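Beneath this line is the structure, given in structure tokens, with notes to follow.
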Amino acid sequence: ELKKSSLTKLEDVLESVFFGRRKLSEFRKLNPLTVKESNLQHQISPVKSGRSHQMESDAIIKTEATRHLMEKTGKTADELMADEVINNAFRELVCPSSTVRCTPSEYRTMDGSCNNMKNPDWGQSFTAQRRFLPPVYATGDKPRNSENLPSARKISNDIFKATETVHDKKYSGLTMAWGQLIDHDVTKTPTAGNIDCCNTTNADNPICFPIEVPEGDERFSNCLNFVRSAAATSSTTKGCLNDRREQINEITAFIDGGMLYGSSDDELSLLRDQTITYLLKTKEPGNLLPTGPSFCLITDDQENDYCQHAGDTRVNVVPTLGAVHTLLVREHNRIAEGIKNLNIQWSNDKVFDETRKIMGAIIQHITYNEWLPIVVGDDYMNQYNLKSSERGHVNSYDPNLDPSLRNSFSAAALRYAHSLIMPTQAYLDKTYRNEESFSLESQQLNPHLVVQENGGRLEDLVRWTTYKPCMTSDRMFEDGIRNFLFGTSDLPARNVQRGRDHGLPSYNEFRSFCGLSRAKNFKTGRKSNRLRDHSKENARLLKQTYKSIDDVDLYVGAITERLAPGADVGPTFACLIAKQFDVLKRGDSFWYENQGLQGFSEEKLNAIKRVRLSSLLCEHFGLDTIQPDPFKIERAGRCPGSSNTKDNCMVRCSEMKLLNFSPWRV
Ligand code: HEM
């Protein structure tokens with residue numbers, strides 16, 4: 001009897017897996033592997049690489065097979081996983097067995113594996129993103145409630161349109177630029193293909209989710225192309241049956257300088273100098289980022305320009321990003337030379353590894369102590385203990401915390417900063433008076449402002465980025481990205497559509513998750529069932545756009561909130577951003593303040609803790625003066641002359657200190 005029932009179970013599993021494979025081949029007829037990295041569509045949102053393609057195939061088989069088996073047996077996935085025969089057979093057939101063996105090391109792996117010894121894939125590149133809340137999809141993993149929700153472009157027209165140009169009163173363009181840099185250190189979500197979803201022949205393709213354009217639109221007609229993110233499933237500790245659609249992160253979750261070094265040994269090998277192998281490649285003259293297999297748009301008259309190459313393919317998106325990349329490559333090379341000079345006996349690999357480790361630490365230090373407090377404000381910084389201590393070690397590592405990227409963080413919360421994007425990119429000369437401006441749309445995917453004259457104008461770009469303000473964090477997005485994103489799209493509309501594509505639950509669900517009140521209707525006020533964090537005007541816009549308060553998308557509800565005290569986002573995004581940065585800190589065994597093999601000696605750590613972003617900017621761009629806090633502009637009407645640190649008046653670069661190398665002398 002027992003044998004018979006086991007045989008039936010095995011037959012069921014086999015049949016389900018065949019079913020899954022059949023579904024995959026139907027899918028692949030529509031969507032064969034076409035990885036074209038070098039075109040515009042790929043840049044708008046990165047198209048999956050070969051490895052993501054494989055993950056997607058595995059996910060389709062697994063999901064379809066699990067569902068088929070559930071239907072056939074009338075059991076839930078959890079019940080099926082509890083059955084040893086079924087679970088083992090399923091595992092054998094569709095779950096590739098993991099062969100990762102971890103050995104303790106003082107340096108991170110390139111792909112982030114083995115950061116957590118018990119769970120080697122936590123935070124690793126090419127793994128599924130995790131969730132704060134389970135996804136909500138319609139049948140067949142279609143985006144939720146698609147028919148009833150307003151079009152993302154309509155939302156953009158009604159809520160996100162910038163009716164006035166409002167520069168921020170406190171924060172500089174560097175706040176935007178550093179945010180984008182960090183985004184590219186931690187998350188890269190690939191899309192499922194490179195096709196035109198507005199073409200009616202693709203209407204039934206499951207990877208298509210085009211954005212409907214309302215009639216009378218000021219810029220677009222009918223349809224905006226939009227391809228869904230590649231599907232993945234996550235492995236669970238219980239077993240391998242899984243029918244939940246997830247999305248992929250192609251890079252390591254850790255703040256580890258991945259945008260400089262890449263997330264694999266292969267990527268790194270293209271970035272290291274071939275002769276002096278402890279250095280990162282640069283292009284001479286000019287000490288700029290190297291050329292490489294990357295895409296950008298250069299016009300015919302810019303014949304000496306080139307596409308910059310870095311650890312992240314998105315480096316050419318906008319000049320301010322290329323500038324901060326260049327800063328960190330130059331700092332890597334300066335530190336590597338310094339350490340090599342002190343330890344001439346060290347191999348080039350040792351110098352490289354140690355420098356990469358220091359750079360990761362410096363990036364963490366600046367991000368958590370200079371940048372993040374601006375974003376989430378002191379209350380959230382304190383609540384989650386995100387600030388580093390002044391000196392010495394702090395062992396915050398918790399091996400039970402999964403640091404992986406949370407979907408609502410990458411698909412929504414960190415994208416708040418799209419609202420900060422300035423309508424121009426510009427140069428500011430040494431006198432800080434003569435600004436030369438270029439429209440944002442003319443500079444997207446075009447590194448001209450960074451690379452022209454062998455980088456001779458880079459200093460001017462950096463001066464503008466640090467000295468002039470970004471835009472206010474609010475519901476308004478500049479035309480350059482709302483109507484002219486890479487000439488063909490609308491960035492905030494894409495953010496809304498991406499949230500739906502990823503099955504993000506609604507705004508109200510995330511309010512509850514964060515311990516904040518849920519609104520019952522569109523009324524504002526202090527009562528707990530009102531929109532407590534919205535102005536009357538923003539609540540009115542939501543009401544005019546959505547049929548029900550429970551329909552409001554996370555991105556839309558949160559970006560229209562009033563800013564939390566001392567923060568540059570409202571309470572919902574502050575909560576999600578703080579929670580993500582919390583696990584990125586406590587879930588990272590290489591967190592720079594940790595003690596032991598993966599950390600630094602106390603002397604080295606204290607040297608790192610004295611590094612300030614302003615000193616790096618001074619050193620690498622030849623500036624004479626800078627604000628002590630380069631994420632903030634000078635306080636209006638107080639400078640020059642005031643020595644009150646709150647006024648953030650410019651100081652001489654000659655007073656700035658760089659990393660003291662002496663603790664590295666062996
Ligand atoms: C001019 C500047 C910028 C441009 C042109 C830009 C453009 C884009 C584009 C086209 C996407 C993909 C949209 C999609 O299809 O889903 C994206 C994603 C994203 N952006 Fe930006 N962005 C800029 C600045 C920033 C800044 C300042 C931040 C944060 C501080 C940021 C955070 C993000 C995040 C977190 C994602 C999702 C990344 C992923 O998971 O792959 N972006 N951005």
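No value in this document is a laboratory result; all are computed from the given coordinates. Just so it is clear, the model here is predicted, and its values are computed rather than measured. We place every Cβ from the backbone using ideal geometry, glycine too, and count neighbours over all the protein chains shown.
Taken as Cα centroids, the range 612-666 and the range 241-312 sit 28 Å apart, rounded to the nearest whole angstrom. For residue 212 and residue 662, a Förster radius of 60 Å and the Cβ-Cβ distance give a FRET efficiency of 0.45, rounded to the nearest 0.05. Spin-label model, residue 200/residue 138: points 7 Å from Cα along the beta carbon direction are separated by 2.1 nm. One chain, two ends: residue 528 and residue 513. Fully extended at 0.36 nm per residue, the span grows by 3.9 nm beyond their Cα-Cα distance. Please work out whether the range 145-274 counts as rounded, prolate or oblate from its C-alpha gyration tensor, where a ≥ b ≥ c are the square roots of the eigenvalues and a/c under 1.5 means rounded, while otherwise a/b larger than b/c means prolate and anything else oblate? Oblate shape, in that a/c is at least 1.5 and b/c is the bigger or equal ratio. Take the Cα of residue 100, go 7 Å toward its beta carbon, and the backbone nitrogen atoms of the range 237-275 under 17 Å from that spot belong to 237-240, 247-256, 258, 263-266. Hull volume per residue, based on the alpha-carbon atoms of the range 543-644 and their convex hull, is 200 Å³.
What is the gain in length, in nm to one decimal, between residue 11 and residue 301 on full extension, counting 0.36 nm per residue of separation less the C-alpha to C-alpha distance? Each step should come with its number before you reach the end.
Details: separation 290, 0.36 × 290 = 104.40 nm, distance 6.59 nm.
Roughly 97.8 nm would be gained on extension.
Taking every DSSP bridge with both residues inside the chain, close to 85 percent are antiparallel. Using only Cα coordinates, the Kirkwood hydrodynamic radius of the range 479-578 works out to 14.1 Å. Residues whose amide H lies under 5 Å from that of residue 424, counting only those 5 or more places away or on a different chain, are 440; hydrogens are built 1.01 Å from N in the peptide plane. Each of 207, 559 was scored by other Cβ atoms within 10 Å of its Cβ. Arranged with the fewest first, they read 207, 559.
Legend: calculated FRET efficiency, residue 520 to residue 348, from the Cβ-Cβ distance at R0 = 51 Å, rounded to 0.05, equals 0.20. Within the range 229-334, which GluC sites (Glu not before Pro) sit in a loop by DSSP and count at most 16 neighbouring Cβ atoms inside 10 Å? Of the GluC sites (Glu not before Pro), the ones in loops of the range 229-334 whose Cβ has at most 16 other Cβ atoms within 10 Å are 303. For the cross-link pairs 430/468; 536/646; 62/238; 543/579; 170/543; 4/75, the ones whose C-alpha atoms lie over 22 Å apart are 536/646; 543/579; 170/543. On the beta carbon distance between residue 82 and residue 118, with R0 = 25 Å, the FRET formula returns roughly 0.65.
Only helices at least 30 Å long along their axis, Cα-based, and averaging -1.0 or more on Kyte-Doolittle count here, so list those DSSP H runs from the chain. Present the calculation step by step, with values, prior to reporting the outcome.
On the way: long enough: 2-30 (43 Å, -0.40); 50-73 (35 Å, -1.03); 319-342 (35 Å, -0.04).
Taking the DSSP H segments of the chain (at least 30 Å long, mean hydropathy at least -1.0), we get 2-30, 319-342.
Estimated purely from DSSP H runs of n ≥ 4, each contributing -39500 (n - 2.57), the mean residue ellipticity at 222 nm for the chain is -11500 deg cm²/dmol once divided by its residues. According to the Cα-based calculation, Rg over Rh for the range 290-426 is 1.02, with Rh computed by the Kirkwood formula.
Ordering 353, 158, 266, 588 by the number of other Cβ atoms within 10 Å of each residue's own Cβ, fewest first, gives 266, 158, 353, 588.
Ranked highest first by the average count of other Cβ atoms within 10 Å around their residues, in what order do 89-99, 183-193 fall?
183-193, 89-99
When you restrict to C-alpha pairs under 8 Å that are six or more residues apart and normalise by the size of the range 216-338, the relative contact order lands at 19 percent.
Of the residues 178, 193, 157, the one whose Cα sits farthest toward the positive end of the charge dipole of the range 99-216, with +1 on the Cβ of Lys and Arg and -1 on the Cβ of Asp and Glu, is 178.
Within 13 Å, Cβ to Cβ, of residue 84, how many net charges do the neighbouring residues add up to if Lys/Arg are +1 and Asp/Glu are -1? Before the final figure, lay out each step's value.
Details: positive: 9, 91, 238; negative: 79, 83, 92.
Every neighbour counted, the sum reads 0.
Which value in Å is the Kirkwood Rh of the chain over different Cα pairs? By the Kirkwood definition, the hydrodynamic radius is 26.1 Å. Here the range 595-666 is treated as a Stokes sphere of Kirkwood radius computed over C-alpha pairs; at 37 °C and 0.692 mPa s its diffusion coefficient rounds to 236 µm²/s.
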